[in-house]
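Let me begin by presenting the structure, written as structure tokens, before commenting on it.
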Amino acid sequence: LERALGLPSAPRWLRQVHGREVFDADRAAPADEAPAADAARSARRGTVLAVLTADCLPVLFAATDGSEVAVAHAGWRGLAGGVLEATLASLRTPPSRLLAWLGPCIGQPSYEVDEAVRSAFVDGCRQAQACFADSRPGHWFCDLAGLARQRLAAAGVAGVHGGGFDTRTDPRFYSFRRDGARSGRFASLIWLA
């Protein structure tokens, strides 16, 4: 991957655990073992940050002045647990001066969830109800990207782009829900040039 894309350095991979931990790539020495985290940040030029997804939402952040970047892996557990808010808190740049890009994730028509998932969002935020559409009794179709947009807006990030791809229905992307354990992973990378 490093050679194929002409990356300035090897990607800083994470051992993603569906949590909210943010890895500070500038304070850690390069290591063979990936840290247990679902987000990473860097203000160092040439440090490549990476997350892997196959239905979960990758979110890439960049300061508008080019001073720092971050990446987050936002599955429903991490999103409900505050991985985006933790990532924003790890950055020096105020949210109003950040851009966020939402990568491909499972789309609402493909993502049926139960009451436990819905409650994780709507119990603390009535606005989150708009991101759930009725399915069958006790189940809803969840708009993961919509939930991320709501949380980013609430945190003050106005420049949110991307989204709109459904990894389950679009054969260009990996989907764990569609392909099961044999599914590959989609890498989202960001770095300061």
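A few remarks follow.
- Dipole of segment 89-193 computed with +1 at Lys/Arg Cβ and -1 at Asp/Glu Cβ about the Cα centre; of Thr167, Ala89, Gly184, farthest Cα towards the positive end is Ala89.
- A Förster radius of 25 Å combined with the Cβ-Cβ distance from Leu5 to Asp26 puts the calculated FRET efficiency at roughly 0.70.
- Antiparallel content of DSSP bridges confined to the chain, in %, to 5: 70
- Segment 28-128: trypsin sites (Lys or Arg not before Pro) in DSSP coil with no more than 15 other Cβ atoms inside 10 Å: Arg44, Arg45, Arg92
- J(HN,Hα) series, segment 141-158, from Karplus relation 6.51 cos²θ - 1.76 cosθ + 1.60, nearest Hz, glycine and proline x: 8, 9, 9, 4, 5, x, 4, 5, 4, 4, 5, 5, 4, 4, 7, x, 8, 8
- Size of charge dipole - the chain - debye, nearest 20, with Cβ of Lys, Arg +1 and Asp, Glu -1, no other charges: 260
- Probe 1.4 Å, accessible area per residue of segment 1-78, Å²: 47
- Value of Rg/Rh across the chain [Cα atoms, Kirkwood radius]: 0.96
The values are calculated or read from the model by the stated rules, or taken from the named source; none is laboratory data. Quick caveat: nothing in here was measured; it's all calculated off a predicted structure. When we count neighbours, we look across all protein chains shown, and the Cβ atoms used for this are built from the backbone with ideal geometry, even at glycine. All accessible areas refer to the heavy atoms of the entire protein, side chains included, with ligands and DNA or RNA removed. Shrake-Rupley method; radii C 1.70, N 1.55, O 1.52, S 1.80 Å.
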